[in-house]
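Q: Sharing a structure, written as structure tokens. Questions coming.
The values are calculated or read from the model by the stated rules, or taken from the named source; none is laboratory data. Bear in mind that the values here come from a model prediction, so they are computed numbers and not experimental data. We place every Cβ from the backbone using ideal geometry, glycine too, and count neighbours over all the protein chains shown.
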């Protein structure tokens, strides 16, 4: 059993440090609430003009929005700082990680937690509640399991994206903006009805950077909507597989990155 | 005037060394452009042929011109001036012969120029290659569109400049900056065209300078607004620009006085 | 059953064999570490000196698993730092002089708590150990200060305490006294001497301050441009290059050149004899003795002592080896 005590100790201190500056902290939370609301407004404005987009009505779109934002907010909270790797390298923190008896990635992940994302997370959870209430879902065990599974796997997928981004930072100087295109871009893609994308793009967001598994596929299954060729309903149950795939890739990126650090020298 | 031109060129050069960052910016633009284009075209198709004056080709032009202008027009504001006010370095700027607002504006125009060329043009090219964009309907749309872009840069700069100057009076500008960053993107028409907003939200947006930063030039360049109506749009933009520059000067003057009173 | 040599000789706590490390910057290749071979036994105190850029930090990084050797091998505590990094980290304490391993914005005592958790120390033992280290390093008043607010001297003491918290067998210090004032350096050195005496911790210290070496180490490795130029005792080093120090004396009145001072050589005399320089061998006499002799002849107003610097030492090693 992995001993989590050191990680808990580090995280506890990070949380305490953030709570210290109460006003800034509250402001930051309100800030991410604002971000969540703005993204929501985008969906709302579009549906002010149309009734159905990509096969989804407003309620379905809200569900997709909610699921993608919940998963992304949590991932961002826990590992969002992984694109700060260059800062850590410059400060010598990575070297400090090497001389401690803990795995590097675990240290890096636990070194920070962005509590302020809880604002965006709250917005997303509220939207989830609204969407689930509005939709006429035939609730059964399978649906509940699917919902929970999707949130867990979706968060894992986004976390993998951040980790892969972190690993790539070892290769590209100031590569954060480049990887952001796929982490934040991936989040943006995840909250759309996938049928709006032309096929090549759909394949990309489903099988290359599997963000379609985070929200759209589960939503289609939960709401019992007709699937199509690229989104058969049963695919929603494969979200955990997508998460595993994402993590295999992320793990390789990370290992390649640390090997390069040891090979090329900070 | 010559100094101004030199400063513009300096700003130009300073930002051109960040080539990798520009490449990265292009990737971001492309990814977001592709997603946004898909969504908005799907919306237009779902609604029939057009929404709010945007048919498919026009909305595609809207998206890709928007991505192209993103780097040039500083929608999310800058921090440099606010930081200098906080540290007191702003006093040095006051000692220089040229008005600080104009100095920073010059630098920003240079930055906008390089971004437009190195980051904006490729983004537009990618959009044009992949999609059937509506081209600006006439030469006047091209020329006046680019004029509109320049004014948009000025408006965005001037507005953010004022927010930065608040640092003279308010210690924690964090909250204001956050609100700025959040609302600017939305109310300038970056995510969804402003004509698509519900009436009340559209009116709200039009009472802010944000549409002048992006929506206006996009309207002209996509051809949604053409012919004589272009002049109306430009007039509105110019009005915002003028007002914000003047207010900026007033606030700068007040700030300088406060600095002198406090002893810097 | 035959007793083999391996049974008698203890395993070196640090061992390198033909260690090489190259760096590539575009097309150019720099060799930072050039076929270094040495072994350090448990309990030794070794000084690792060389000019800036001579390859000291690079070697340390290869011993701790931060950098991969280009060729050759390195073993720390008998383990391969690349493959068994975590195990090595349990047995080694490292202090990087120019970077911090502590948590910057937290009070100092929290860094100790977190490190105790990281090393999975028994909480009661950890507390006792921390208390003892804090006491010996006189860090009591700083426990509640955020690390970023500590002075350089305080921070270095804190770093060393942090590195020793888990009672490592080996303590590696990379330029620990850089930037410190004389008093701080002295206190640090005294602490390290005492720590070694009490626990037998092996010490590997990179520095380009000769004072560190004299006070702390009984063995010296001199590295120049990646190559090991000297491996032996401090006395051996002094014998090879001569441990000459310079005493710069300002006299009260113009004085004729001070020839014939016992065991000191007059180097020069300037300003009509107001300032004179005397070189003496630190292994044969002391500054005090030379000063005493000079004071018998003239009234001394002020004095400075110039230590031999590393570059001189290294240059002289090469001069000697080339000459011989």
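Q: Would you point out which residue out of B:85, B:63, B:39 is buried (at least 19 other Cβ atoms within 10 Å of the Cβ), in contact with a helix residue (DSSP H, G or I) (Cβ under 7 Å, 6 or more places away or on another chain) and within 15 Å of residue B:125 (Cα to Cα)?
A: B:63
Q: Out of all the residues in the stretch A:204-215, is one or more surrounded by fewer than 20 Cβ atoms within 10 Å (Cβ to Cβ) and in contact (Cβ under 8 Å) with a residue 24 or more places away in the chain?
A: Our first condition is that a residue be surrounded by fewer than 20 Cβ atoms within 10 Å (Cβ to Cβ); within the stretch A:204-215, this holds for A:204, A:207-208.
Imposing the further condition that a residue be in contact (Cβ under 8 Å) with a residue 24 or more places away in the chain reduces the set to none.
Scanning the stretch A:204-215, I find no residue that is surrounded by fewer than 20 Cβ atoms within 10 Å (Cβ to Cβ) and in contact (Cβ under 8 Å) with a residue 24 or more places away in the chain, so the answer is no.
Q: Also, I was wondering about something else. Could you list, in sequence order, the residues of the stretch A:21-50 that are within 30 Å of residue A:97 (Cα to Cα) and within 9 Å of another protein chain (Cβ to nearest Cβ)?
A: Listed by number, the residues that qualify are A:24, A:28.
Here is a yes/no grid of residues against (1) crowded, with 24+ Cβ neighbours inside 10 Å; (2) away from every other protein chain (no Cβ under 14 Å):
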residue	(1), (2)
B:195	no, no
B:204	no, no
B:219	yes, yes
B:227	no, yes
B:230	no, yes
B:235	no, yes
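Q: Follow-up question, since we're still on this one. Among A:67, A:85, A:53, which is the only one that is touching a residue at least 24 places away in the same chain (Cβ under 8 Å), farther than 22 Å from residue A:189 by Cβ and away from chain C (no Cβ under 14 Å)?
A: On the way: A:67 fails: farther than 22 Å from residue A:189 by Cβ; A:53 fails: farther than 22 Å from residue A:189 by Cβ.
When all the criteria are applied, what remains is A:85.
Q: Shifting gears a bit: So which residues in the stretch C:1-50 are modelled with pLDDT under 85 and under 30 Å from residue C:214 (Cβ atoms)?
A: C:9, C:10, C:50
Q: Can you find a residue in the stretch A:184-193 that is in contact with a strand residue (DSSP E or B) (Cβ under 7 Å, 6 or more places away or on another chain) and either farther than 24 Å from residue A:227 by Cα or surrounded by 15 or more Cβ atoms within 10 Å (Cβ to Cβ) (or both)?
A: yes
Q: Report yes if residue C:153 is within 13 Å of another protein chain (Cβ to nearest Cβ), closer than 17 Å to residue C:187 by Cα and under 24 Å from the mean Cα position of the chain (by Cα), otherwise no.
A: No: the conditions fail for residue C:153.
Q: Select, from B:72, B:112, B:68, the only residue that is more than 30 Å from residue A:209 (Cβ to Cβ), out of contact with any strand residue (DSSP E or B) (no Cβ under 8 Å at 6 or more places or on another chain), more than 14 Å from chain A (Cβ to nearest Cβ) and crowded, with 21+ Cβ neighbours inside 10 Å. Outline the logic, then answer.
A: Numbers: B:72 fails: more than 30 Å from residue A:209 (Cβ to Cβ); B:68 fails: more than 30 Å from residue A:209 (Cβ to Cβ).
Just one listed residue meets the conditions, B:112.
Q: Still on this structure, please answer the following. For the stretch C:272-306, give me the residue count where each residue is surrounded by 15 or more Cβ atoms within 10 Å (Cβ to Cβ) and assigned to a loop (DSSP other than H, G, I, E, B).
A: Result for the stretch C:272-306: 4.
Q: Here are some residues: C:145, C:177. Which one is touching a helix residue (DSSP H, G or I) at 6+ places or on another chain (Cβ under 8 Å) and crowded, with 22+ Cβ neighbours inside 10 Å?
A: C:177
Q: For the stretch A:95-126, name all the residues that are assigned to a helix (DSSP H, G or I), more than 8 Å from chain C (Cβ to nearest Cβ) and either without any contact (Cβ under 8 Å) to a residue 12 or more places away in the chain or over 16 Å from the mean Cα position of the chain (by Cα) (or both).
A: A:97, A:104, A:105, A:106, A:107, A:108, A:110, A:126
Q: When you scan the stretch C:30-143 for strands (runs of 3 or more DSSP E) that lie fully inside it, which ones turn up with 1 or more residues that are at the interface with another protein chain (Cβ under 10 Å from one of its Cβ atoms) and within 22 Å of the chain's Cα centre (by Cα)? Lay out the reasoning, then the answer.
A: Values: elements: C:45-49, C:71-76, C:92-96.
Strands (runs of 3 or more DSSP E) meeting the threshold: C:92-96.
Q: Here is a check on your reading of the model: is residue A:217 modelled with pLDDT under 95 and either under 16 Å from residue A:82 (Cα atoms) or in contact with a strand residue (DSSP E or B) (Cβ under 7 Å, 6 or more places away or on another chain) (or both)?
A: Yes, satisfied.
Let's see how each residue does on (1) at pLDDT below 90; (2) over 13 Å from residue A:253 (Cβ atoms); (3) out of contact with any strand residue (DSSP E or B) (no Cβ under 9 Å at 6 or more places or on another chain); (4) within 12 Å of chain B (Cβ to nearest Cβ):
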{"residue": "A:156", "(1), (2), (3), (4)": "no, yes, yes, no"}
{"residue": "A:164", "(1), (2), (3), (4)": "no, no, yes, no"}
{"residue": "A:168", "(1), (2), (3), (4)": "no, no, yes, yes"}
{"residue": "A:202", "(1), (2), (3), (4)": "no, yes, no, yes"}
{"residue": "A:210", "(1), (2), (3), (4)": "no, yes, yes, no"}
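Q: Of all residues in the stretch C:252-289, which are in contact (Cβ under 8 Å) with a residue 40 or more places away in the chain and farther than 20 Å from residue C:239 by Cα?
A: Hits for the stretch C:252-289 are C:252, C:253, C:255, C:258.
Q: Output yes when any residue across the stretch C:211-224 is assigned to a loop (DSSP other than H, G, I, E, B), at pLDDT 85 or above, in contact with a helix residue (DSSP H, G or I) (Cβ under 9 Å, 6 or more places away or on another chain) and in the same structural domain as residue C:93 (by TED's automatic domain parsing), and no when none is.
A: As a first pass, look at the stretch C:211-224 and keep what is assigned to a loop (DSSP other than H, G, I, E, B): C:217-218.
Now drop any that are not at pLDDT 85 or above, which leaves C:217-218.
Then drop every residue that is not in contact with a helix residue (DSSP H, G or I) (Cβ under 9 Å, 6 or more places away or on another chain), which leaves C:217-218.
Next cut, in the same structural domain as residue C:93 (by TED's automatic domain parsing) only: C:217-218.
Taking every residue of the stretch C:211-224 in turn, at least one turns out to be assigned to a loop (DSSP other than H, G, I, E, B), at pLDDT 85 or above, in contact with a helix residue (DSSP H, G or I) (Cβ under 9 Å, 6 or more places away or on another chain) and in the same structural domain as residue C:93 (by TED's automatic domain parsing).
Q: Could you tell me which of the residues A:41, A:17, A:66 is out of contact with any helix residue (DSSP H, G or I) (no Cβ under 9 Å at 6 or more places or on another chain) and assigned to a helix (DSSP H, G or I)? Step through it out loud before you land on a result.
A: Details: A:41 fails: out of contact with any helix residue (DSSP H, G or I) (no Cβ under 9 Å at 6 or more places or on another chain); A:66 fails: out of contact with any helix residue (DSSP H, G or I) (no Cβ under 9 Å at 6 or more places or on another chain).
The unique qualifying residue is A:17.
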